[in-house]
Amino acid sequence: MAKKPEDQQRRVYVLPKDLVERIAQYQQLGGFGSEVEAVRSLLTEALTKIDSTAMLLDRVREKFKTLPNASMVAKEILAGHPLVTKIQFMGDEVEFWLHGRQNLITIRNGEDGTPETSASHDPNRVGHFKLDYMGQVLVEEETGWAVLGPSILTQRDAERQVRGKA
């Protein structure tokens, strides 16, 4: 999917000559069409290694705002990510399992409508998650599926209404 100009920023970095040579070698070995593609690949790979479970779930939510369905989000964000242990496509929903190296922070609405937060302090916890057709990220708990935050489609509608009034 081609990036829109407003979704990109131009940056200039000064790099040591030996690093530039290694990037060129990576480009050639990886079959990248340009040095820029090779550098993007390297940066993406390196940055995924510092993602926490919460950071990855936030990226899933954000990407759903710009992509039309859960399968495309899974392809762009989840596929190949080191925290993802399994992805399963279920019609218009995607279920995925994460191996959390860091604390998993769960935020959802309580029964009285106030936000509730819970945390898992087990760094080896495997979480079973679902991204549904409405853009809701859900986590499987002992009592069933619990929604993590608001639906992306609900957020989109609210943002459109705010823009319409402005």
I'd like to check something: does region 4-16 contain any residue that is more than 26 Å from Phe129 (Cβ to Cβ), assigned to a helix (DSSP H, G or I) and either of a type in the set (A, V, I, L, M) or open to solvent by less than 80 Å² (accessible area, probe 1.4 Å) (or both)? no
Restricting attention to region 53-75, the residues that are open to solvent by 60 Å² or more (accessible area, probe 1.4 Å) and under 16 Å from Leu98 (Cβ atoms) number exactly 3
Would you check if there is a residue in region 52-66 being part of a helix (DSSP H, G or I) and modelled with pLDDT of 95 or more? no
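This table checks each residue for (1) under 14 Å from Phe129 (Cβ atoms); (2) surrounded by 14 or more Cβ atoms within 10 Å (Cβ to Cβ); (3) under 13 Å from the mean Cα position of the chain (by Cα).
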position	(1), (2), (3)
Ile50	no, no, yes
Ile87	yes, yes, no
Asp92	no, no, no
Glu95	yes, yes, no
When (1) closer than 18 Å to Val73 by Cα; (2) modelled with pLDDT of 80 or more are applied to Tyr133, the one that fails is (2)
For region 67-105, name all the residues that are touching a Leu at 6+ places or on another chain (Cβ under 6 Å) and in a loop (DSSP other than H, G, I, E, B). Leu83
Quick one: would you say Ala38 is under 20 Å from Glu140 (Cα atoms) and surrounded by 16 or more Cβ atoms within 10 Å (Cβ to Cβ)? no
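The values are calculated or read from the model by the stated rules, or taken from the named source; none is laboratory data. Note that the structure is a prediction, hence the values are computed from the model and not measured. Note: ideal-geometry Cβ built from the backbone for every residue, glycine included; neighbour counts use all protein chains shown. For the accessible areas, the whole protein counts, side chains as well, though only heavy atoms, and no ligand, DNA or RNA atoms are used. Shrake-Rupley method; radii C 1.70, N 1.55, O 1.52, S 1.80 Å.
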